[in-house]
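Asks: One structure, as structure tokens, below. Some questions next.
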């Protein structure tokens, strides 16, 4: 009795070719995915800058709608926003935002919202700076710095 058995599988050459192709694809794909992290941080900072501008404009509009130029605060969604020259001061600008997750907020004469890494470390030169209005009838300054993102 002579029975022929057939074994299936890949040859060594086929495996080497597949591994080589995967290596070439990885060489092109990894740099593209690596640069996406920096682009995502840049987009997050620019987005937060827009949100800070919107928050300042909304609180200013609410302050104007109250019709009392002597008023030093407004209430937005249950939060008291302290106003200076008709716009939020540095200490309460972050209160106008719904969420500042991923950013460290530091206040003083200006408010600085710095992007953080996933481990919670602040990333240098990846931030939004809010400078309150210096005088009546002038808008606050919102600056985004993305050179370190």
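Asks: Of (1) at pLDDT below 95; (2) under 15 Å from the mean Cα position of the chain (by Cα), residue 85 satisfies all except one. Which?
Replies: Tallying (1) at pLDDT below 95; (2) under 15 Å from the mean Cα position of the chain (by Cα), residue 85 fails exactly one: (2).
Asks: Next question, about the same structure. Run down 36, 48, 64, 12 and say which single residue is within 30 Å of residue 136 (Cβ to Cβ) and at pLDDT below 95. I'd like the intermediate steps shown before the answer.
Replies: Details: 36 fails: within 30 Å of residue 136 (Cβ to Cβ); 48 fails: at pLDDT below 95; 12 fails: within 30 Å of residue 136 (Cβ to Cβ).
So the residue among 36, 48, 64, 12 that is within 30 Å of residue 136 (Cβ to Cβ) and at pLDDT below 95 is 64.
The values are calculated or read from the model by the stated rules, or taken from the named source; none is laboratory data. All figures in this text were calculated on a predicted structure; none of them were measured in a lab. Neighbour counts run over all protein chains shown; Cβ positions are idealised from the backbone, glycine included.
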